[in-house]
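**Q** Have a look at the structure that comes next, please.
The values are calculated or read from the model by the stated rules, or taken from the named source; none is laboratory data. Treat the numbers as computed from the prediction; the structure is a model and nothing was measured. All Cβ positions, glycine included, derive from the backbone under ideal geometry; neighbour counts span all protein chains shown. In case anyone asks, the SASA skips ligands and DNA or RNA and just uses the protein heavy atoms, side chains included. Shrake-Rupley method; radii C 1.70, N 1.55, O 1.52, S 1.80 Å.
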Amino acid sequence: MGTSKANSGILHAGFDAAPGTKKALFNVRGNVLYRQLEAELGIRLKWIGSLVVALEHDNLRVLEELLCRGKENGVPRLEILSRDGLLDREPNLAHGVLGALWSPTAGIVSPFDATLALAENAVHNGVKVLLEQEVEQVLVEQGRVAGVVTDRGIIETPYVINAAGVHAGSVAALAGDESIAITLRKGEYLLFDTSRGDCVRSVLFPTPTKVSKGIVIGPTVHGNLFIGPNALDVACPDDVGTTAGGMSEIIEGARKLIPNLGLGSVITQFAGLRAVAAHDDFIIGPSSFVRGLIHAGGIQSPGLTAAPAIAEAVVEILRDDGLSLTPNPRFVPVRQSRLSFKEQNYTTRQRSFRLNPLHGRIVCRCETVTEAEIVEAIHVPCPAHTLDAVKVRTRAGMGRCQGGVLRSARVSAASKRVGHATKFRTQG
Amino acid sequence: MRDGPLNVEEIDLTNEARADVVIIGGGVVGAAIARELSRYNLSMSYWKNILT
């Protein structure tokens, strides 16, 4: 995971993208599909709605434009709230607000949880995973994809789906397709602990500009509060460091919406990269230069929301190209979701402990993560091989102390017990 | 149809392997495509670097 592990975690309603674009089409469809995924895969979602807040009179005209655009895109139940209605709903908002566009179909999701749920279900249904491998070459014979060379061998294949995020241009180039130009745009965030999670009820956007939706304030599905992102074009795909200037920018932006936003509860800062296509729309379709190469690139916001719809489109592209797609009779759409130890009630915790005494050892105090959960994370269908991977699966080290008292030795011991050499690599 | 258990494995590529579709990218888009393709009777699908 690259972009997928550091973004806002918002399921956008779909009013922002220009009508007729892939962003608009897949955003609105993806938003609907997440309701099905929530039921099938047990992905943790909260349909809390979003507000685009007008702070100046000129903004009100933009809200009307967004309302019209959203209706044209097929977004249901949009409405413009007056100042009074808005402050009733969000009492911490700046009292100078003039109104807002209310989108009740917007939501929030853990991007880790969504990605892993999809991946685990895919693996359960027979998809094989190549872990920690580098693609070195895409083989092309007579203008058609013939295989992929990785640092561990060759896979013969007639089809390659290029969903490589910030590396999509490089992957295309490996096949001889130089048409994919990706700009890397960094977004920085601040994350607050759960004591501030109720600061807002919905996701709050300022009125957008041409380059960004602006500094967003929103709760997370785990009860934290986040602010961000800014937008800074960078050259290096590893440039995910945060900056003092960036922090100042997002704090200033957030306080335009919530003036009394204190910083005492900030627990971490992070940055993620978005892959921005030259024409500001998703690149979804077959390569014009190499048959069998299908691009799913330029996936910036609202890519998280759009992902399930993009997947549907890619399957249709493959079908149109002649790939035989007969239904898998053993496809199981449902994933058995697991309650974390923290989420379990007292009785369930007792039962868990009896089944596995390692639940008696707490590895992460802030998030109440047990050693048994660490072991399980290393055993699940998409197993954790790094400390970061353990974190996103269990939330160990993601609480208020951010791993300050994480029992790293126990994580290490657990990984050795199941035969994995877990690498203690953390994100910068 | 696939042979063997439906669980993850690190495929040994010391010999050549074959797949109907290879997905490069293990983010949410790659995972969603993999899951959607698993509805169909394909011999194999892969993707890389699903883990951080």
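**Q** Please state the shape class of segment A:245-339: rounded when a/c is under 1.5, otherwise prolate if a/b exceeds b/c and oblate if not, all from the C-alpha gyration tensor. Could the numbers behind the result be given before it?
**A** Details: a/c = 4.00, a/b = 1.81, b/c = 2.21.
Because a/c hits 1.5 or more and a/b fails to exceed b/c, segment A:245-339 counts as oblate.
**Q** Let me ask something else. In chain A, what is the volume of the convex hull around the alpha carbon atoms, normalised per residue and reported in Å³? Could you put the intermediate results ahead of the total?
**A** Details: hull volume 65.6 nm³, N = 428.
So the per-residue Cα hull volume is 153 Å³.
**Q** Could you give me the percent of Cα pairs per 5 Å distance bin for segment A:109-177, shortest bin first, beginning at zero and ending with the bin that holds the maximum distance?
**A** 4, 14, 20, 23, 19, 13, 6, 2, 0
**Q** Please work out the ratio of the alpha-carbon Rg of segment A:11-112 to 2.2 N^0.38 Å and round it to two decimals.
**A** Ratio of Cα Rg to 2.2 N^0.38 Å: 1.14.
**Q** Translational diffusion coefficient of segment A:161-318 at 20 °C, 1.002 mPa s, Stokes-Einstein with Kirkwood Rh over Cα pairs, in µm²/s as a whole number.
**A** Stokes-Einstein gives a translational diffusion coefficient of 126 µm²/s.
**Q** Given only helices, namely DSSP H runs of n ≥ 4 each adding -39500 (n - 2.57), what is the per-residue ellipticity at 222 nm of the protein assembly as shown, to the nearest 500 deg cm²/dmol? Present the calculation step by step, with values, prior to reporting the outcome.
**A** On the way: 12 runs with 144 residues, N = 480.
So the calculated ellipticity at 222 nm is -9500 deg cm²/dmol.
**Q** Still on this structure: Could the peptides B:20-27, A:367-374, A:243-250 be put in order, highest first, of the mean number of other beta-carbon atoms found within 10 Å of their residues? Don't skip to the answer; put the middle values down first.
**A** On the way: B:20-27: 27.5, A:367-374: 24.6, A:243-250: 15.6.
Ranking the peptides B:20-27, A:367-374, A:243-250 by packing returns B:20-27, A:367-374, A:243-250.
**Q** Relative contact order (percent) for chain A, with alpha-carbon contacts under 8 angstrom and 6 or more residues of separation?
**A** Working: 856 pairs, mean separation 76.5, N = 428.
So the answer I get is 18 percent.
**Q** What is the distance in Å between the Cα centres of segment A:307-378 and segment A:156-186?
**A** 29
**Q** Roll a 1.4 angstrom probe over the protein heavy atoms and tell me the percent of accessible area of segment A:306-353 that is carbon or sulfur.
**A** 53
**Q** Just to confirm, what accessible area per residue do you get for the protein assembly as shown at 1.4 Å probe, in whole Å²?
**A** Counting only protein heavy atoms, the per-residue value for the protein assembly as shown is 41 Å².
**Q** Interface size between chain A and chain B, please: total buried accessible area, 1.4 Å probe, rounded to the nearest 100 Å². If you can, show how the numbers build up before the last one.
**A** Working: alone 20540 and 4760 Å², together 19740 Å².
Buried area between the two chains comes out at roughly 5600 Å².
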